[in-house]
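Take a look at the structure set out below.
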Amino acid sequence: MMQNLSMHVLDIASNSVRAEATDLHIIMINSTCKDLISIEVIDNGKGMDEEMIQRVQDPFFTSRTTRRIGLGIPFFKELAEACNGSFELESQVNVGTRIYVSMQKSHWDTPPLGDLGDAVVLVWCQKETNHIHFDYKTDANQFSFDSDEIKAILGDEVSVCEAEIMMWCKDYINQQIQVCEEEQV
Ligand SMILES: Nc1ncnc2c1ncn2[C@@H]1O[C@H](COP(=O)(O)OP(=O)(O)OP(=O)(O)O)[C@@H](O)[C@H]1O
Ligand SMILES: [Mg+2]
């Protein structure tokens, strides 16, 4: 089992990268008022057909097929349902995929957020030319990270996959999340 939500974010968004998405939108809501944590990942990757949409949600699908089907999606779905939440998977071939997962924030089994900055940066570094947009929303605040904005600052010569730049982005994202949390009333 994955110990925190950032690992699920990493898994779901890595699926998008593997599905050749070039545009990824990750939206996280952390609301005390609504007693809700939600994670949404929207991509413009190759998508899945109806049959595939059903199959990837089934944890028993793995056994003896031509290819291995992983457990990232079934685990996340199971977690959401165990935490009084919901799971939605919408996808269209050659258009893209949207995964939405919600959990009751105060539920005993809802995992901690983990290192979201790390997850976002690791997703970006899987393909530097991808556009990644990350939104983090609390009841009173909102923070957005956009890979294009960082690229505009860094210029063409610098790679986001260089250790110092990665560290900077990761710390920046985590600090901004912290600011959103601290300003909550
Ligand atoms: N965003 C997506 N776009 C297109 N296909 C996807 C997407 N997400 C998942 N899939 C398909 O669903 C399958 C199952 O995904 P899942 O995350 O459950 O397992 P996995 O990525 O194969 O393995 P792992 O256990 O390492 O996560 C993927 O292998 C892929 O074929
Ligand atoms: Mg996966």
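Of all residues in the range 130-158, those being surrounded by fewer than 13 Cβ atoms within 10 Å (Cβ to Cβ) and of a type outside the set (A, V, I, L, M) number 7.
Give the residues of the range 71-89 that are assigned to a helix (DSSP H, G or I), within 13 Å of ligand 2 (Cβ to nearest atom) and of a type in the set (A, V, I, L, M), sorted by residue number. If the condition is that a residue be assigned to a helix (DSSP H, G or I), within 13 Å of ligand 2 (Cβ to nearest atom) and of a type in the set (A, V, I, L, M), then 73 is the only one that fits. Exactly one residue out of 42, 99 is in contact with a Lys or Arg (Cβ under 7 Å, 6 or more places away or on another chain) and modelled with pLDDT of 90 or more: that is 42.
Filter the range 13-33 for residues that are in a strand (DSSP E or B) and crowded, with 18+ Cβ neighbours inside 10 Å; which is farthest from ligand 1 (Cβ to nearest atom)?
30
For first residues located in the range 145-162 and within 13 Å of residue 121 (Cβ to Cβ), partners that are in a loop (DSSP other than H, G, I, E, B) and at pLDDT below 90 and lie 6+ apart or on another chain with Cβ distances below 8 Å form the pairs 147/160; 150/160.
In the range 1-20, the residues that are under 11 Å from residue 122 (Cβ atoms) form Cβ pairs under 8 Å with partners that are small (Gly, Ala, Ser) and part of a helix (DSSP H, G or I), at six or more places apart or across chains, as follows: 6/119; 7/119; 9/119; 10/119; 11/72; 13/119.
The values are calculated or read from the model by the stated rules, or taken from the named source; none is laboratory data. Here the structure is a predicted model, which means the values were calculated and not measured. We place every Cβ from the backbone using ideal geometry, glycine too, and count neighbours over all the protein chains shown.
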